[in-house]
Amino acid sequence: MAFIMDGNRRWSRANGLRVQEGHHIGFETLKRVLDLCLSLKRIEIVTVYAFAIDNFKRDASEVDALMELARTRLLELYHEGEFVARYSLRIRIVGQRDLLPAAVQETAKRVEDATRDNTGPTLNICMPYAAQHEISCAASDAAQESRPITQETLASHLMVPTDVPIDILVRTSHVSRLSDFLLWQCNEQTQLHFVDEYWPMFGAKEMLYILLSYQQACTKRTGC
């Protein structure tokens, strides 16, 4: 599954809160949704769009607050570890990491190193990420090899692997676009769900509807 976690800012403003509070609550939503996904046992990979490269164009104070939130929450996963241990979760930070502040880069590496050998599901945190950047980097890497560039060789250089297909992609906040997220990895059988709720309000009810919808579509298509 993949999630475009949209609507933290709009939810904050609609409720008279500071934008930073919306982002903090959005992280708690991520933990709750991730727990739901992983408890199902059949979901091998969850990929979330945490921060787009274009988001660096936002107000500097908001960007700084988001970077600090990312650092502290990653450290929370690293130090407290109960959630990670419960699922033997492997965490990957995916994107143009050299754009991140040094402290966030260091924390990301610590978390990745600490969970690298875990054997459970994988959480890909895309931050800072853009699909066009991912594809251009993959093409550049593939061009350095002596073998012909094919769809398969290009895919082998992507930051988000394609060996496990994306069955479901969810975007919250009543927005119906992919916003340069996983453009290569999505395929003709990926179910797209654009839900009305802002990300902080997304929860079990919405997840149940999405999973039942996928199960029905899967049954019709393949009998699985």
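Read-outs: derived from the displayed coordinates by stated rules, not from any lab. The structure displayed is predicted, hence computed values, not measured ones.
Just need the relative contact order of the chain here, percent rounded to a whole number, with Cα pairs under 8 Å and 6+ apart.
26
Take the alpha-carbon positions of the chain, form their convex hull, and give its projected area averaged over all directions (one quarter of the hull surface) in nm².
13.2
Mind checking which of 128, 200, 165 has the largest fluctuation in a GNM of the chain, springs on alpha carbons under 10 Å?
Greatest mean-square fluctuation among the candidates belongs to 165.
Quick one: which residues, 5+ away or cross-chain, put their amide H under 5 Å from the amide H of residue 45? H built at 1.01 Å from N.
For residue 45, the qualifying residues are 122.
Using Cα pairs closer than 8 Å and at least 6 residues apart in sequence, work out the relative contact order for region 73-154, in percent.
Dividing the mean separation by the residue count of region 73-154 yields 34 percent.
Short version: ³J(HN,Hα) in whole Hz for each residue of region 127-139, in order, from phi by Karplus 6.51 cos²θ - 1.76 cosθ + 1.60 (θ = phi - 60°), x for Gly and Pro, what are they?
For region 127-139, the Karplus-derived couplings read 6, x, 9, 8, 4, 4, 5, 4, 5, 5, 5, 5, 5 Hz, x marking Gly and Pro.
Grab region 2-222 and count how many Lys pairs have their alpha-carbon atoms under 29 Å apart, sequence gap of 8 or more, or different chains.
Lysine pair count for region 2-222: 9.
I'd like the distance between the alpha-carbon centres of region 103-146 and region 160-192, rounded to an integer number of Å.
17
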